[in-house]
Amino acid sequence: MGRALLAALAALALLSARPASAQPADEEQSYEFLRRQGRLLFEYGKFDEAAEALAAACADPLGAGDASCHADLALTAEKAGRVGVAIAAWEAVVRIGGDDVAQARSELGRLQGAYGLVRVGIPAQRALPTLPLAIAHTGMLIDPALKAYLGAVAKRLADTGLATAELWLPAGPYTLGDVTFDVPAGGAVEIALGRDVVPWRPQTFGMAGAAPAVALGGPTELSVALAIGLAGVPGGGLGVGPARVGATLGLARHVGPVRLEVRGRIGGTPLGSLGDDPDGVRNATALEILGGLDIGLDLQLASRAFLTPHIGLTAGTLGSLLVPCVAEHVETLTVSAGECRLPAVALGGVAGVDLLLIPGTEPGRLGIRIGMAAEFLGAGFVAAPGDVLKGETATLVRSERWRFARMGGLIDVGVALRF
């Protein structure tokens, strides 16, 4: 049977893959092809696929008025565990009229007397399909046909979750995940699913070839990353200085395709001395602490890859930096020229792009985040003549430079938790 099914499906594939010049041109032949496809799939027990093919056939202008098409769809949909589709198909048969009306009325009475409708409430900012769900009838279900139908529903829910907000079930008591409820025959009941089984799905600006967005853990994103980069030295205008090493922490909220994020960074930046040292530039490490707020736009590259360009503001301290100065020593009252370590603060902007990769888990709570950014800061020293220098017994007289600009770049790699 397996080989025969494969051969039949291969024949259908070859038929549908013929060149455009060999394809049927009129709607009747297309309709007939869908009808044949539906019947063939039904014969080999592929009820879900058969129902889809027949639904497409009955949606065709020729099938819309064909009572036999809707009757075939009704029988197939019930086999596939889709009583709602079956009821709608039998109602269509009654509207069209013909020899199948009596059967349609009888089947409608049987289905409406044995099944009830479950309307599922979805939490705000969530979307179907759900995660896989387990459903169980907790009473006595004796009818073999009803048992078979419930088995088909249970298999679909366990494989792919709930794809629609309405579910037809045999009457009786149930559990669906953590929810308990009773389904009245011929009636309807409303239930609410928790956020843990209805995953948040990102709203993004899709790019060419993007697949449907993967389910993520939620709209809030907490990220931790290791950052390395280059920084300009204070003095000499804009420049590129030694490497910076640190860690970043971010907390973001995704509102539709827009990302709002608060970031913080702490790290050590080796900075060059500005004095006229004949032996070359001395390095001194300063501890910088910067924070900022930026706004980004989520772009979907693939089902599990998102790119977020962003811009924002950043501010904080650059630590205590070395700068040429003149100082007066308290003990000797001598004035000497050299270097002083002065605290510096900065305010500026940042622009960059973040790449988020989601591994193959459902929902995608943990991702890998890779970011690149350029940063421009206007900074100045927090010092004035008469201030006692930190760690020294000297008093600052004057400094050659009070304000400076710093430009740098950063690459950060870390993890992002979605909740």
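The values are calculated or read from the model by the stated rules, or taken from the named source; none is laboratory data. Since we're looking at a predicted model, the values are computed, not measured. Using ideal geometry, Cβ is built from the backbone for each residue, glycine included, and neighbour counts are taken over all protein chains shown.
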| Among (1) surrounded by fewer than 16 Cβ atoms within 10 Å (Cβ to Cβ); (2) touching a Ser or Thr at 6+ places or on another chain (Cβ under 6 Å), which single condition is residue 225 missing? | (1)
| query | Has region 323-333 got at least one residue that is touching a Cys at 6+ places or on another chain (Cβ under 7 Å), at pLDDT below 75 and not acidic (Asp, Glu)? | reply | yes
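Let's see how each residue does on (1) surrounded by fewer than 19 Cβ atoms within 10 Å (Cβ to Cβ); (2) closer than 21 Å to residue 379 by Cα:
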residue	(1), (2)
317	yes, yes
335	yes, no
343	yes, yes
350	no, yes
354	no, no
362	yes, no
| Filtered residues of region 114-163 (kept if hydroxyl-bearing (Ser, Thr, Tyr) and closer than 16 Å to residue 199 by Cβ) | 130, 160
| task | Return the pairs, sorted by first residue and then second, in which the second residue is small (Gly, Ala, Ser) and not in a strand (DSSP E or B), the first residue lies in region 301-326 and is under 28 Å from residue 418 (Cβ atoms), the beta carbons are less than 8 Å apart, and the residues are 6+ apart or on different chains. | result | 301/210; 302/209; 302/210; 302/211; 303/210; 303/211; 303/213; 304/360
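Looking only at region 132-178, which residues are within 30 Å of residue 253 (Cβ to Cβ) and surrounded by fewer than 17 Cβ atoms within 10 Å (Cβ to Cβ)?
Applying the first criterion (within 30 Å of residue 253 (Cβ to Cβ)) to region 132-178 yields 132-133, 160-165, 177-178.
Hits for region 132-178 are 132, 160, 163, 164, 165, 178.
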| said: Just to be sure before I move on: is residue 189 in contact with a Phe, Trp or Tyr (Cβ under 6 Å, 6 or more places away or on another chain), touching a residue at least 40 places away in the same chain (Cβ under 8 Å) and more than 28 Å from residue 297 (Cα to Cα) in the structure I sent? | reply: yes
